[in-house]
Ligand SMILES: Nc1nc2c(ncn2[C@@H]2O[C@H](COP(=O)(O)OP(=O)(O)O)[C@@H](O)[C@H]2O)c(=O)[nH]1
Ligand SMILES: [Mg+2]
């Protein structure tokens, strides 16, 4: 007797999520608003990177930052100090942001007033990678303090990423990490993946990162408009 009904809940949730993500893309297009989804473990440096950009571009670009966190608004407060508008989403037990949450956040603000949107996803190297939040790209931030095996141990995450950041390279000697070796190993696994080495502490690689996501070009366009 076979009366087992199999419902693929995950697939249905993803389908519903993808419809909303597409709606977000269409809406952003109307406002010419780029958006990147930054994911990575707790402590890899996501908020520090956004603080750095918020400070550097404070007088030229207006950022909207959507922060996902289980419980606190610490990250939104940190980045908000530099004048960016930060919207905090507390997910409770949710290990990643979903498109409906981003759509709700975007409905709370006047999108005409922003030049660029950052999503700082919930600190987690696994869950956010397979959920589309309506961004142009997913960027994974990892750091040398997480050890040399992060790229090898998270194949889905890096396959789904358009860019990877290897942060805290100032700490590589203390961690006894051979950065070139780590990057070579990562490229063996993901030949297409661009990996930028950064240190928020020293500023190394941050200009390249900014260029890569279009902050420099966006700045010129804004200046040209004035
Ligand atoms: N030495 C060093 N520390 C960093 C760097 N980036 C971030 N940190 C530190 O790492 C810790 C976690 O950073 P945070 O931005 O909160 O990580 P998040 O959880 O990914 O948002 C903080 O104490 C930062 O000051 C870096 O490039 N070099
Ligand atoms: Mg953070």
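Of these, 199, 161, which one is within 30 Å of residue 10 (Cβ to Cβ), modelled with pLDDT of 95 or more and either outside any helix (DSSP H, G or I) or within 12 Å of ligand 1 (Cβ to nearest atom) (or both)? Full working, then the answer.
Details: 199 fails: within 30 Å of residue 10 (Cβ to Cβ).
Exactly one of 199, 161 is within 30 Å of residue 10 (Cβ to Cβ), modelled with pLDDT of 95 or more and either outside any helix (DSSP H, G or I) or within 12 Å of ligand 1 (Cβ to nearest atom) (or both), namely 161.
Tell me which of these residue 161 doesn't satisfy, since it passes every other one: (1) over 30 Å from residue 31 (Cα atoms); (2) surrounded by 16 or more Cβ atoms within 10 Å (Cβ to Cβ).
(1)
Output the residues belonging to region 184-196 that are buried (at least 16 other Cβ atoms within 10 Å of the Cβ) and part of a helix (DSSP H, G or I).
Within region 184-196, 186 is the sole residue that qualifies.
Restricting to region 22-37, give me the number of residues that are part of a loop (DSSP other than H, G, I, E, B) and either over 23 Å from residue 142 (Cβ atoms) or within 16 Å of ligand 2 (Cβ to nearest atom) (or both).
Summing the residues that are part of a loop (DSSP other than H, G, I, E, B) and either over 23 Å from residue 142 (Cβ atoms) or within 16 Å of ligand 2 (Cβ to nearest atom) (or both) in region 22-37 gives 3.
Among the strands (runs of 3 or more DSSP E) lying completely within region 38-138, list those that include at least 1 residues that are within 16 Å of ligand 2 (Cβ to nearest atom) and touching a residue at least 40 places away in the same chain (Cβ under 8 Å).
Working: elements: 63-69, 85-90, 116-120.
Result: 63-69, 116-120.
The values are calculated or read from the model by the stated rules, or taken from the named source; none is laboratory data. Keep in mind that what you see is a predicted model, and the values were worked out from it rather than measured. Ideal geometry is used to build each Cβ from the backbone, glycine not excepted, and the neighbour counts take in all protein chains shown.
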